[in-house]
1. Here are the criteria: (1) surrounded by fewer than 19 Cβ atoms within 10 Å (Cβ to Cβ); (2) aromatic (Phe, Trp, Tyr); (3) not in a loop (DSSP other than H, G, I, E, B). Tell me which single one Phe186 does not satisfy.
2. Go through the residues of region 77-96 one by one and say whether even a single one is within 17 Å of the chain's Cα centre (by Cα), in contact (Cβ under 8 Å) with a residue 60 or more places away in the chain and at negative phi.
3. Could you tell me which residue of region 69-78 is surrounded by the fewest Cβ atoms within 10 Å (Cβ to Cβ), considering only residues that are farther than 10 Å from Val136 by Cβ and out of contact with any Pro (no Cβ under 9 Å at 6 or more places or on another chain)?
4. Return the pairs, sorted by first residue and then second, in which the second residue is buried (at least 16 other Cβ atoms within 10 Å of the Cβ), the first residue lies in region 225-236 and is assigned to a loop (DSSP other than H, G, I, E, B), the beta carbons are less than 9 Å apart, and the residues are 6+ apart or on different chains.
5. What pairs come up if the first residue lies in region 55-66 and is over 19 Å from Ser33 (Cβ atoms), the second is modelled with pLDDT of 95 or more and part of a loop (DSSP other than H, G, I, E, B), and their beta carbons are under 7 Å apart, counting only those six or more places apart or on different chains?
6. Taking only region 171-207 into account, find how many residues are farther than 28 Å from Arg250 by Cα and either in contact with a His (Cβ under 7 Å, 6 or more places away or on another chain) or free of Cβ contacts under 8 Å to residues at least 12 places away in the same chain (or both).
7. Since Tyr260 meets every condition but one in (1) within 24 Å of Tyr156 (Cβ to Cβ); (2) hydroxyl-bearing (Ser, Thr, Tyr); (3) within 17 Å of the chain's Cα centre (by Cα), which condition does it not meet?
8. Is it fair to say Thr164 is touching a residue at least 24 places away in the same chain (Cβ under 8 Å), within 16 Å of Val98 (Cβ to Cβ) and of a type in the set (Ser, Thr, Tyr)?
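The values are calculated or read from the model by the stated rules, or taken from the named source; none is laboratory data. Here the structure is a predicted model, which means the values were calculated and not measured. Every residue, glycine among them, receives a Cβ derived from its backbone with ideal geometry; neighbour counts consider all protein chains shown.
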Amino acid sequence: MERRKFIRNTAMAGGLLSSGGLYSIGKTSFSPSKFKLNYAPHLGMFAHHAGDDPLAQLKFMADQGFRSFEDNEMGGRPVELQQSMARTMESLNLQMGVFVAHKIYWKEPNLASGDPDKQKEFLNDIETSVEVARRVNAKWMTVVPGHADPTLSMGYQTANVVETLKRAAAILEPHGMVMVLEPLNFRNHPGLFLTGSPQAYEICRAVDSPSCKILFDIYHQQIQEGNLIPNIEKCWDEIAYFQIGDNPGRKEPTTGEINYKNIFRYIHNRGFDGILGMEHGNSIPGKEGELALLKAYRQVDDF
């Protein structure tokens, strides 16, 4: 579908545009200009307006002023679709955010255990993810070291994880790619090895590579440790990527307790020019919920 026709059809179907070209959500009207920060939606977030076609969804995101897109499942999508999505992102000037780089072990130890077979499997996944990243023009990929090993002290587990990540970094460095380590909270993901931002910071400093950095998921860290801005400040030099979700509920900003406007102001004032992934659901179903999400991001980005 031609871009001009797509915009016209989307506006007619969703009632997004007034005759003056402003987006109207309730009593709020705004121009679909670029956001101050580089937020990245994911597939399905605007499916009620754009439809099920991933390429149409990418077009819709760009038309709303988003500059990036992330897709945890990109590595598992057919190569032909990866290539089509990459071409579409390039034509829309959308930057590719993270995708998950490897099999995540939610219930049993893998990297923390020091098991050489699990380490080999992980490193093979990283090799494969390099090819995915090259195909879709991605720089960042998410790494979750998996479940903790209750049979080993934390010191031994940390040494095992650091050793494996050093080997993974050696694979990524020649390509200028970055694995971002994501600490996850104890409530949604009990028993995992990596949970806190100070722990992720310690590991990144030990790996000592530009290809091993932190994915600071604000939702997870609000539950796990709180103290968000001070922890972001302490970890700043090792943070390469953020993800977003309000708490409770893991929906868009303004639906929970996190003061996202203040957090985004802090991140913006620090000069962050990377991506903030919108890894959350919509608080309201259907088109109404998609409009509410757009309104929420305009609100918290207005600082």
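1. All conditions are met except number (3).
2. yes
3. Here the answer is Pro78.
4. Pairs found: Glu225/Pro183; Glu225/Asn185; Glu225/Thr195; Glu225/Gly196; Glu225/Ser197; Glu225/Asn231; Asn227/Gln221.
5. Once the first residue is over 19 Å from Ser33 (Cβ atoms) and sits in region 55-66, its partners that are modelled with pLDDT of 95 or more and part of a loop (DSSP other than H, G, I, E, B) give Gln57/Leu43; Gln57/Phe46.
6. Narrowing region 171-207 to residues farther than 28 Å from Arg250 by Cα: 171-177, 205-207.
Okay, now just the ones that are also either in contact with a His (Cβ under 7 Å, 6 or more places away or on another chain) or free of Cβ contacts under 8 Å to residues at least 12 places away in the same chain (or both), so 174.
Of the residues in that region, 1 qualify.
7. Of everything listed in (1) within 24 Å of Tyr156 (Cβ to Cβ); (2) hydroxyl-bearing (Ser, Thr, Tyr); (3) within 17 Å of the chain's Cα centre (by Cα), Tyr260 misses just condition (1).
8. Numbers: touching a residue at least 24 places away in the same chain (Cβ under 8 Å): yes; within 16 Å of Val98 (Cβ to Cβ): no; of a type in the set (Ser, Thr, Tyr): yes.
The answer is no for Thr164.
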